[in-house]
1. Quick one: what pairs do we get from the stretch 71-84, first residue more than 20 Å from ASP49 (Cβ to Cβ), second modelled with pLDDT of 90 or more and loosely packed, with under 14 Cβ neighbours inside 10 Å, C-beta under 8 Å, 6+ apart or different chains?
2. Would you check if there is a residue in the stretch 112-131 being under 14 Å from the mean Cα position of the chain (by Cα) and at pLDDT 90 or above?
3. In the stretch 136-150, which residues are modelled with pLDDT under 80 and exposed (fewer than 11 other Cβ atoms within 10 Å of the Cβ)?
Amino acid sequence: MIKTIGIGLWACTVALVSSYATATWQSGGSVAIELSDAALDGLEYRKPDPITVPMISDGRLRGYVVTRIVFTADAKELHEFPIDPQPFVLDEAFRRIYTDGKIEFDQMSKYNLDEITSAIRANVNERLGIELIKDVLLDELSYVDKNSLRAMDEKAEPGK
């Protein structure tokens, strides 16, 4: 019985000492991976999650615009920049689609997508104070009418 307790204490001591030694030894080294300048050449594409923008007209909710934005930036500048520009891009896209009086998706017509994307890029770069974002692309742009959402919801839950 005493031998079993002694072996258990010895095993615990060895495990604790080896863990402490490993942690002390590793703290002197760098955990971060150093990226070479060659690895950061060129553009980097970022594809954030889609955003859903409510479309309100005459004081009523008409539907939603679902869009997926892709933006490009110089890889080296992007990694050196102290903050992530993604929230700024999504915020500008939301603001542009929500407040632009020319966009009415319940009326079928074409819109100047180049104007929308260039305005998003210009406003983000102005807010960041640097020409970080090189291009903004619309990967997906869909309009979902409020009534079609209600019909889909009723199909999904037939008991109601």
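1. Final answer for the pair search is GLU77/ILE130; PHE81/ILE130.
2. Initially, the stretch 112-131 is screened for residues under 14 Å from the mean Cα position of the chain (by Cα), giving none.
No, the stretch 112-131 contains no residue that is under 14 Å from the mean Cα position of the chain (by Cα) and at pLDDT 90 or above.
3. Of everything in the stretch 136-150, those that are modelled with pLDDT under 80 and exposed (fewer than 11 other Cβ atoms within 10 Å of the Cβ) turn out to be ASN147, ARG150.
The values are calculated or read from the model by the stated rules, or taken from the named source; none is laboratory data. Note that the structure is a prediction, hence the values are computed from the model and not measured. Glycine gets a Cβ as well: all are built from the backbone with ideal geometry, and neighbour counts include every protein chain shown.
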